[in-house]
Amino acid sequence: AGVTSSSEYFVGAAAELAGELGLPHPDAAAITDCRDKAVQRRRLRAAGLAGPDFGTATEPAQAADRAAELGLPVVVKPVSGSGSVRVRLCHRPAEVAEAAHAVLNADLANSGIPAQRAVLLERYLDGPEFSVETFGRQVVGITAKHLGAPPYFVETGHDFPARLPVGDQNELVVTALAALDALGLGWGPAHVELRLTPAGAAVIEVNPRLAGGMIPDLVRLATGVDLITATVANAAGRPTELTPVRNEAAAIRFLVAGSSGRFVGVHGLDRAAGAAQVVEVVLTRQPGSELRLEHSFRDRVGYLISVARDAHAAGAAADRALGHLRLQIEPDRQPADDRVLTAVAAPRRTPTERVLPQ
């Protein structure tokens, strides 16, 4: 009936296969270009869209030299990555070389990214981060992002819709749609990440797929628009329904590991699940499993979601519930009779707790 994928790594193959089978599909060449972050950057710049100065490198020493030319600090990232895997903010050339080495020599079995031919270096842009969720040429809404501590870019939560002045909303939307045009996109879902810098909206990157991080769930809870169902229907050539049926807000906070070790469990799940406006609390890793800190989305072990009348209330409810949770990790390489539990503030969620299979 249709071929599609929500994965960053398979959207190009899905588009090609759908085309070969004569099924509905986006422009496969446009998807492929967009998946290469260096090509994407060049096309956005050629279209006159604001974004960071950038360059590429194929070896660590070259990356350090290129970063010095761009001006530090810079963000080092894989040219075809996802989920903040191996993305790092660097303030010194030695850090750039180290970060580039980590990308170019990544362990394919465990790194969460495919083999990389190059790294992308981008001059760091300051300002709050947002994403514009689109479907075709329709803007579904704007998501506010919460990021963990530098030098990494782990997303620790989202609020939908973002609380923003109308002028800022319009600027983000206009920039996001212009980015889709520049890249030849506009079929099905897209997730456009931007920052509101002192100079205005700047494109961080465009993802030609559904948003990750449970954002489609937030959209559904806040508006009634089901982006997952719409994506499947679109791939099968069937009508899609994107009309909001309610006007609320939803927020998610992730439970993120702060160290490697054995995941013992989480205290406070019942209190978080019973907190006002919390609709779900979920563990995504089994207690007893081993955690290896990677400074990416793979460090998440659970999440909680709240729903309220507006984004401020939903975010506040999520933060309060998160405060009830304590993640316990048994550190690596300690004697069995002398183990210490590491407590880390964790995210919140609702009256149900369920453990998702790995």
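Using helices alone, I'd like the mean residue ellipticity at 222 nm for the chain: each DSSP H run of four-plus residues gives -39500 (n - 2.57), total over residue count, nearest 500.
On the way: 10 runs with 104 residues, N = 358.
Theoretical 222 nm ellipticity from helices: -8500 deg cm²/dmol.
Ordering 20, 205 by accessible surface, largest first, gives 20, 205; the 1.4 Å probe counts only protein heavy atoms, with every chain in place. Taken over the Cα atoms of the chain, the convex hull encloses 141 Å³ per residue.
Between residue 332 and residue 286, the contour length at 0.36 nm per residue exceeds the Cα-Cα span by 14.8 nm. In the elastic network of the chain, a GNM with C-alpha springs shorter than 10 Å, the most mobile of 102, 314, 222 is 102. Of the residues 5, 63, 254, the one whose Cα sits farthest toward the positive end of the charge dipole of the chain, with +1 on the Cβ of Lys and Arg and -1 on the Cβ of Asp and Glu, is 254.
Summing +1 for each Lys or Arg and -1 for each Asp or Glu among the other residues whose beta-carbon sits under 11 angstrom from that of residue 76 gives +1. Computed extension gain for residue 242 through residue 117, at 0.36 nm per residue and net of the alpha carbon distance, reaches 41.1 nm.
If R0 is taken as 45 Å, the Cβ-Cβ distance between residue 65 and residue 320 corresponds to a FRET efficiency of 0.40.
Of the residues 189, 208, 73, which exhibits the maximal mean-square fluctuation in a Gaussian network model of the chain defined by a 10 Å Cα contact cut-off? Answer for the Gaussian network model of the chain: 73. If R0 equals 30 Å, the separation of the Cβ atoms of residue 20 and residue 101 corresponds to a calculated FRET efficiency of about 0.20.
At a threshold of 8 angstrom on Cα-Cα distance, excluding pairs fewer than six apart, so keeping six or more, what relative contact order does the stretch 1-143 reach in percent? Could you put the intermediate results ahead of the total?
Values: 223 pairs, mean separation 29.1, N = 143.
Relative contact order, the stretch 1-143: 20 percent.
Remark: relative contact order (the chain) = 15 percent; criterion is Cα-Cα distance under 8 angstrom and separation of 6 or more residues. Taking Cβ atoms as reference points and 12 Å as the exclusive limit, the residues near residue 146 contribute a net charge of -2, counting Lys and Arg as +1 and Asp and Glu as -1. Note that the chain presents 43 Å² accessible area per residue, ligands and nucleic acids not counted, probe 1.4 Å.
When Lys and Arg each count +1 and Asp and Glu each count -1, what net charge do the other residues less than 10 Å away from residue 292, Cβ to Cβ, add up to?
-3
Normalised by the number of residues in the stretch 272-327, the average gap of Cα pairs under 8 Å and 6 or more apart makes the relative contact order 43 percent. Cα convex hull, the stretch 36-107: 87 Å³ per residue, rounded to a whole number. Couplings for the stretch 181-188, taken from phi via the Karplus curve 6.51 cos²θ - 1.76 cosθ + 1.60 with θ = phi - 60°, read 4, 5, 9, x, 9, x, 10, x Hz in order; Gly and Pro are left as x.
Residues 285, 195, 123, sorted by accessible area with the largest first, give 123, 285, 195 [1.4 Å probe; ligands and nucleic acids excluded].
Which order do 137, 88, 66 take by accessible area at a 1.4 Å probe, largest first? Intermediate results must be reported in sequence, preceding the final value.
Numbers: 137 120, 88 45, 66 70 Å².
Solvent-accessible surface, decreasing: 137, 66, 88.
Modelled this way, with points 7 Å down the Cα-to-C-beta line, the labels at residue 10 and residue 312 are 4.3 nm from one another.
The values are calculated or read from the model by the stated rules, or taken from the named source; none is laboratory data. Since this is a predicted model, take the numbers as computed values, not measurements. Cβ: placed from backbone, ideal geometry, glycine included. Neighbour counts: every protein chain shown. When the accessible area is computed, the model is the full protein with side chains, heavy atoms only, and any ligands, DNA or RNA have been set aside. Shrake-Rupley method; radii C 1.70, N 1.55, O 1.52, S 1.80 Å.
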